[in-house]
Amino acid sequence: MVKVDKEQVLIFDTTLRDGEQSPGATMSLSEKIEIASLLDEMGVDIIEAGFPIASEGDFEAVSEISKVIENARVCGLARANKMDIERCWRAIDRADKPRIHTFIGTSPLHREFQVRLSKEEILDKISETVQYAKTFCEDVQWSPMDATRTEMDFLIKVVRLAIEAGASTINIPDTVGYTAPKESAEIIRKLISAIPELKEIVVSTHCHNDLGMATANSLAAVEAGARQVECTINGLGERAGNTALEEIAMALRVRQDIMPFSTNLDTKKLIRASRLVSTVSGFPVQFNKAIVGKNAFAHESGIHQDGMLKHAGTFEIMKPEDIGLTETNLVMGKHSGRAALRKKISDLGFSLGDNQLQDLFIKFKALADRKKEVYDEDLLALLSENSMTRSDELLQLVDLEVTCGTKAPQTAKAKISIEGKNHIVESTGDGPVDATFNAIKKVFPHSAHLQHFQIHAVTEGTDAQATVSVRLEEAGKMVTGQSSDTDTVVASAKAYINSLNKLVLRRRKKAPEAVAN
Ligand code: KIV
Ligand code: ZN
């Protein structure tokens, strides 16, 4: 069982499970390991690594993450049946500190339409499955799905039963993002006062953001006695997402006066985690996103700028350094060497092995040849492009030549490697990006539809790198790829190829019949 200091709030990150379930956010194995390692380094207490029964890929990811995580507990999700629980255990049994998280829908709507079981049948299932999970693992978390729309007397009954069956953490999900802060606190208070055992074990909160209240609801639950918050980086998650980890971390840090709770988080790693998850998921972070948005520390109006020059506290409640933001400054040019790059990368909060650094150095030199001024943001974009997350991809762009200008049609000639074999292909199109995408489609035919194509500049200036996001849809499933380059068409081609690689991964994923939010 997890022991918690009176005022400590455990951070349970579900970016790799609830986050990855958001349409289009499919991640590869190496990407998941990279995120899990960073979460561990950042001080996350529990990492929900996936839903092992969902697919071979999920199973493999949970099991590989279990082997490499050094500090955090590694948790796998399982529905309320023996097959799920056994599969979950097999995936996490190599972890130093494994946790099984099992759940069942308890609200009237879930009882009638999702699980199609009576109240009595649900009670039987809870006893049976929590006890079964306990035969494998000491640390069992249990969740009544859609708890916030479950009748209070039934909620008390199911929670009591799960504790009797051996659950050591009780998680209360607001599955559909329906609750509000006052109610969220009330539910936790009522549960704790009705079930004395809840004072001894961890009560957890898991909120979705459908009404934009996930962070407020989670904090209200904490004030009422919850000591574990389930959240995701950038608030990634199905529909409007989950509670954002960075918001919980900074709210608890900045408002110690009214919320005197501690976490194990190193908040200086927040910006790095946000950028990594954005790149890997292909979901850009909105400019005005709290804590990690591009504008979160920007001051535009004259009054604000004037105040900031006199005293930063006039318009800033936290320092950019607290989340790991360094000032945008000119870092290096084409004459900078490996040692300078290593130092800069470490200042940005990254530590790379020799091979990764060498790989990055080659890319940095190529960039410095093309771009006069290399900024921190450029290096961060290069880090995201790091071969560690791309070299295992099925399709790779080897070369690209395009002709564009006022005379149509524009043309593209691409060399694409598929499973290590090079293919040269040419095509025309309505503009260089269209011609390039047509060429790629020729060499890798597919029926996916382009749903979204977005370009944004990493820094200022006409020689800025472009970051491109490409979202594809195939048979109702979405994938998003992202890439950066000083050449916008090359960045577009790489982002398209990245999304096709994710599509291949996605095709291998078999959806479990009942989806967990
Ligand atoms: O939102 C939810 O109910 C979930 C459960 C699986 C905990 O994600
Ligand atoms: Zn959820």
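Quick note: the coordinates plus some simple rules give every number you see, no bench work behind them. Everything quoted here is computed from the prediction, not taken from an experiment. Using ideal geometry, Cβ is built from the backbone for each residue, glycine included, and neighbour counts are taken over all protein chains shown.
Order by neighbour count: Trp89, Trp142, fewest other Cβ atoms within 10 Å first, most last.
Values: Trp89 19, Trp142 27.
Ranked by crowding around the Cβ, least crowded first: Trp89, Trp142.
Averaged over every viewing direction, what's the projected area of the C-alpha convex hull for region 185-325? Give it in nm², one decimal, please. Kindly include the intermediate steps, with their values, before the conclusion.
Numbers: hull surface 39.4 nm².
Its average projected convex-hull area is 9.9 nm².
The alpha-carbon atoms of region 228-289, seen along their principal axes, cover 36, 24, 22 angstrom, with the largest extent given first.
If you add up the charges near Leu155, with Lys and Arg at +1 and Asp and Glu at -1, over every other residue whose beta carbon is less than 13 angstrom from its beta carbon, what do you get? Please report the intermediate quantities before stating the final value.
Working: positive: Arg111, Lys119, Arg149, Lys157, Arg160, Arg189, Lys190; negative: Asp146, Glu151, Asp153, Asp174, Glu183, Glu186.
For residues surrounding Leu155, the net value is +1.
Sort Phe361, Phe437, Phe453 by Cβ crowding within 10 Å, fewest neighbours at the top.
Details: Phe361 18, Phe437 23, Phe453 15.
Exposure proxy ranking, most exposed first: Phe453, Phe361, Phe437.
Note on region 118-230: with charges restricted to the Cβ of Lys and Arg (+1) and Asp and Glu (-1), its dipole about the Cα centre is near 240 debye. Values of log10 I(q)/I(0) for region 10-281 across q = 0.11, 0.16 Å⁻¹ run -0.54, -1.24, by the Debye formula with one identical scatterer at each alpha carbon and no solvent.
By counting other Cβ atoms within 10 Å of each Cβ, how are Glu401, Glu419, Glu41, Glu393 ranked from fewest to most? Don't skip to the answer; put the middle values down first.
Details: Glu401 12, Glu419 7, Glu41 17, Glu393 20.
Ascending number of Cβ neighbours within 10 Å: Glu419, Glu401, Glu41, Glu393.
Taking the square roots of five times each eigenvalue of the Cα gyration tensor of region 395-507, the equivalent ellipsoid has semi-axes of 21, 18, 14 Å, listed largest first. Cα convex hull, region 8-143: 117 Å³ per residue, rounded to a whole number.
Averaging 1/r over each pair of different alpha-carbon atoms in region 326-388 and inverting the result gives 11.5 Å, the Kirkwood hydrodynamic radius.
Please go through the residue pairs Lys343/Lys413; Lys407/Lys494; Lys269/Lys334 and name each one whose alpha carbons sit more than 30 Å apart in this structure.
Correct reply: Lys343/Lys413.
Applying 1/(1 + (r/R0)^6) with r as the Cβ-Cβ distance of Ala475 and Met318 and R0 = 35 angstrom yields a FRET efficiency of 0.20. Mean projected area of the convex hull spanned by the Cα atoms of region 352-449, taken over all viewing directions: 8.2 nm².
Summary of packing: across the peptides 486-492, 466-472, the per-residue average of other C-beta atoms within 10 Å ranks them, highest first, as 466-472, 486-492. Ranking Val222, Leu276, Leu38 by how far each Cα lies toward the positive end of the dipole of region 10-281 (charges on Cβ) leaves Val222 at the top.
Each semi-axis of the equivalent ellipsoid for the chain is √(5λ) with λ an eigenvalue of the Cα gyration tensor; in descending order they amount to 41, 28, 20 Å. Remark: spin-label model distance Arg239-Gln131 equals 3.5 nm, labels positioned 7 Å along the Cα→Cβ axis.
Taking a ≥ b ≥ c as the square roots of the eigenvalues of the Cα gyration tensor, region 96-237 is rounded, since a/c falls below 1.5.
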